[in-house]
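The values are calculated or read from the model by the stated rules, or taken from the named source; none is laboratory data. Owing to the predicted nature of the structure, the values given are computational and were not obtained by experimental measurement. Positions of Cβ are generated from backbone atoms using ideal geometry, with glycine treated the same way; all protein chains shown enter the neighbour counts. The area values use the complete protein model at the heavy-atom level, side chains included, leaving out ligands, DNA and RNA. Shrake-Rupley method; radii C 1.70, N 1.55, O 1.52, S 1.80 Å.
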Amino acid sequence: MESSFPHFRDGDVNIVVYKDVYRLHSSTLKACSRELRDLLSSLSPFGFGHYGYLQLELVESVSHGYGVLEDPNDQYQNGSMYMQLQKPIIMWPPAVRLVWANMFKIFYDLSPLLDQGGLENVLSRCWDLIDLADCLRATRAVFPMIETSLQDLGSHFYALIADDPINWMKLGTYMRSALIFKEAAIHIIGNWNALGDDLDYLPSVVHELCESRYRELVIFKQELEARMLQHCPYQTLRGGPHSEFMVAPYAKDLSMWMAMTFYSQWFCVAICENRTYFARDGGAAFYRSIYAGGDAYLGVEEQETYNVIHMNAHRARILENRLGILKADMSRFVAVLLVNESRYDADLMGELPYLTCCKIEDDELPWITWPDGDWHVDSDEELFLSDYERIAESDMDDEVSGTGFTETGAADSENENDADIEDAEATNTEGSETEEEKEDEAATLTVEEDEMAMIPA
């Protein structure tokens, strides 16, 4: 028999999730789950049906949809007269068996199967594991492994977040996963105008954070567009009047002035048509066309629409050249908006219809800025493996002492008593010194009164 998951030859716990059977180690189960630690500690490996090892079976529970593990011998007593009390075997559906299989895999640092049945099931598989981890008080072991397994999905994982950022944001918030939270926030902020009422499903603090970053992005876009409308390619000093800060020969470049006029008119029409920052896509298509430059926008046909002055071919080529210079400058303006701060691979998965240039920093995470908020908090009893080892040692010391006192504790008590005695003596000393000082002061006052009485009036 091969000694590996789910059957270890040296395993001392037999778990039945019918039809699945696991032979696992009690030490591993106790280290990962506080609930299983309490359960296994209460059982004896000897008795009817145990065969020298601990045995657990998944049974139905009203409060837990995935069932609970119990000692099967608690269902009936030894002897033939009690056999009829045994509960019938439960045929667990594949979904329940899968979540338990994934849970036990995580306990052994094995990646759970999150994409079984298709990538569309990944999010629900994660929530199934989280629900069971809460019941077993095993979130400290489960949450990191879920995040690692999601990253193993590669670009598909980040595409899933882009498809449903609201629900992934909920998951990231519940797990306190900075990776999931920040990735989902990028897509929520970038696609804010299109998400509409779906944003109401976000936790209030998360909604406020994303909305504030969205407002900041809108203000930045407004200021950027204002600078673009005021830009002159030959301007040598920002913010100054064009006529004072331009090289003299270019001030008489009629073609450049015409190009700037055409460009400004095209830009203002785009603003009136809500194709800029207020658009459903946040102006993504508009800014991307500006960044591309060339014939991506304001081509020959559009130039004819805005140009009411008839020009010959030579003048038209000069105007086209000046527009090219102007477009190259504008491209540099919008480059900052087209930075992809997400992990979504647009080259592999396709370009998103919104911008992904705004991100959340680590110090802005809600559980960092508001640690006392209504977040998911692990049980106070839930500890890491090293903590379990220390608890086990302290438990052994308590059992050996029998009275609940250890030598160290007795020594500490003696030291505390000595300290109390010293404090009392110091207090008495201070009290006596205080009384002596009062007597001295009274004597001094008496002498001064006598001297005052001897002075003639």
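Key figures for this structure:
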read-out: Filter result for A95 (under 30 Å from D152 (Cβ atoms) and modelled with pLDDT of 95 or more); value: no
read-out: Residue that is modelled with the highest pLDDT [pool: residues in the stretch 52-82 that are surrounded by fewer than 16 Cβ atoms within 10 Å (Cβ to Cβ) and within 15 Å of S26 (Cβ to Cβ)]; value: Y53
read-out: All positions within the stretch 166-222 that are under 16 Å from D281 (Cβ atoms), of a type in the set (G, A, S) and crowded, with 23+ Cβ neighbours inside 10 Å; value: G190
read-out: The lone exception for A162 - which of (1) open to solvent by 20 Å² or more (accessible area, probe 1.4 Å); (2) in contact (Cβ under 8 Å) with a residue 40 or more places away in the chain; (3) small (G, A, S) it fails; value: (1)
read-out: P353 farther than 30 Å from E223 by Cβ, within 49 Å of the chain's Cα centre (by Cα) and either in a loop (DSSP other than H, G, I, E, B) or at pLDDT 80 or above (or both); value: no
read-out: Whichever residue in the stretch 187-237 is under 21 Å from the mean Cα position of the chain (by Cα) and outside any helix (DSSP H, G or I) and, among such residues, is modelled with the lowest pLDDT; value: P203
read-out: Residues of the stretch 97-113 satisfying the condition of being open to solvent by less than 30 Å² (accessible area, probe 1.4 Å) and touching a Ser or Thr at 6+ places or on another chain (Cβ under 8 Å); value: F107, P112
read-out: Answer residue from the stretch 114-133, given it is open to solvent by 50 Å² or more (accessible area, probe 1.4 Å) and either modelled with pLDDT of 95 or more or in a helix (DSSP H, G or I) (or both) and is farthest from Y344 (Cα to Cα) among those; value: D131
read-out: Where a residue in the stretch 180-194 is under 16 Å from L217 (Cα atoms) and its partner, wherever it lies, is open to solvent by 10 Å² or more (accessible area, probe 1.4 Å) and of a type in the set (K, R), with Cβ under 6 Å and at least six apart; value: I186/K359; I189/R213; N193/R280; A194/R280
read-out: F267 vs. criteria under 18 Å from A335 (Cα atoms), out of contact with any His (no Cβ under 9 Å at 6 or more places or on another chain) and touching a residue at least 24 places away in the same chain (Cβ under 8 Å); value: yes
read-out: Selection count, the stretch 142-159, where residues are open to solvent by 30 Å² or more (accessible area, probe 1.4 Å) and touching a Phe, Trp or Tyr at 6+ places or on another chain (Cβ under 7 Å); value: 1
read-out: Output for the stretch 7-36, where each listed residue is surrounded by fewer than 17 Cβ atoms within 10 Å (Cβ to Cβ), assigned to a loop (DSSP other than H, G, I, E, B) and under 33 Å from the mean Cα position of the chain (by Cα); value: H25
